[in-house]
Amino acid sequence: MLRRDETIVVALLLAFAGGCLDAYTWIIHGVMANAQTANLVFLWVYGMAGDWARALKFVPPILAFAVGIVIAAWLRRAAAERASAVSTLVELLLLIGIGILHNRMPEIAGTLGISLVAAMQAAVFTKVEGTTYSTVMITGNMRQAIEGIFALASGGAAAGTLRRSGIFTAVCGAFGLGAALGALMTETVPDLALGLPVVALLIVLLRCEAAPSEASS
């Protein structure tokens, strides 16, 4: 039976939320919530140029991401099958707290909090229909989608390749849509921008807690 946290609907909602959060933190703080590769590159680009004041602002999100991974690993051990639901609930509470605290402590709430949320999501939700994917960046998803398309075009593709390739393409599209709408909301109504990922994660929580027959649709 398909796990409730591995359905396509959950994958698309999480990718949408991931795109929203990355757009929000980039526009507001000039750092990436999800892509720690970019943060590490910026850290050393500015560091090697001697601009350490600018370089060091990329350290907190990297550390917060690491803390989020540790929390997620502990949740998987402590909560077992309910880790996805518990993690999503924690992410929701954190995002609501970030929205409330953002005006008073923008750097702490926005940069650290959102990177921690992104890390938990990345570490807990790792598969869609049994296949490894990512909800917080599209590089690996895009690779698998393209490889699937190539296998289909060249012949000899394994059973299910078309479906998997379509899922990865849809996840990339959902991430892009989240980034676009997240950017639009952040530019026009920044105080409400985090409402988009909150709604997406709330639906994920409801799906994870739904009866198996409901969640498998």
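The values are calculated or read from the model by the stated rules, or taken from the named source; none is laboratory data. Being a predicted model, the structure only gives us computed values, none of them experimental. Methodologically, a virtual Cβ is constructed for each residue, glycine included, from the backbone with ideal geometry; neighbour enumeration extends over all protein chains shown.
Overview of results
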read-out	value
Every residue from segment 59-92 that is farther than 24 Å from residue 193 by Cβ and of a type in the set (Asp, Glu)	81
Whichever residue in segment 101-119 is part of a helix (DSSP H, G or I) and at pLDDT below 75 and, among such residues, is farthest from residue 37 (Cα to Cα)	106
Cβ pairs under 8 Å, 6+ apart, first in segment 16-35 and touching a residue at least 40 places away in the same chain (Cβ under 8 Å), second of a type outside the set (A, V, I, L, M) and not in a helix (DSSP H, G or I)	17/135; 18/34; 18/135; 21/34; 22/34
Qualifying residue in segment 181-194 (condition: within 22 Å of residue 77 (Cα to Cα) and either assigned to a helix (DSSP H, G or I) or acidic (Asp, Glu) (or both))	no
Qualifying position, being at pLDDT 95 or above and at negative phi, among 171, 136	171
Residue list for segment 172-209, filter: among the polar types (S, T, N, Q) and crowded, with 21+ Cβ neighbours inside 10 Å	186
Among residues of segment 109-164, those that are surrounded by fewer than 15 Cβ atoms within 10 Å (Cβ to Cβ) and either hydrophobic (A, V, I, L, M, F, W, C) or touching an Asp or Glu at 6+ places or on another chain (Cβ under 6 Å) (or both), counted	8
Residue check, residue 90 touching a residue at least 24 places away in the same chain (Cβ under 8 Å) and closer than 25 Å to residue 13 by Cα	yes
Unique residue being part of a helix (DSSP H, G or I) and under 13 Å from the mean Cα position of the chain (by Cα) when the list is 153, 122	122
Selection within segment 125-150 - among the β-branched types (Val, Ile, Thr) and part of a helix (DSSP H, G or I)	139, 146, 149
Residue in segment 159-167 that is among the aliphatic types (A, V, I, L, M), at pLDDT below 90 and more than 22 Å from residue 80 (Cα to Cα) present	yes
Single condition residue 213 does not satisfy, out of (1) within 30 Å of residue 102 (Cβ to Cβ); (2) modelled with pLDDT under 90	(1)
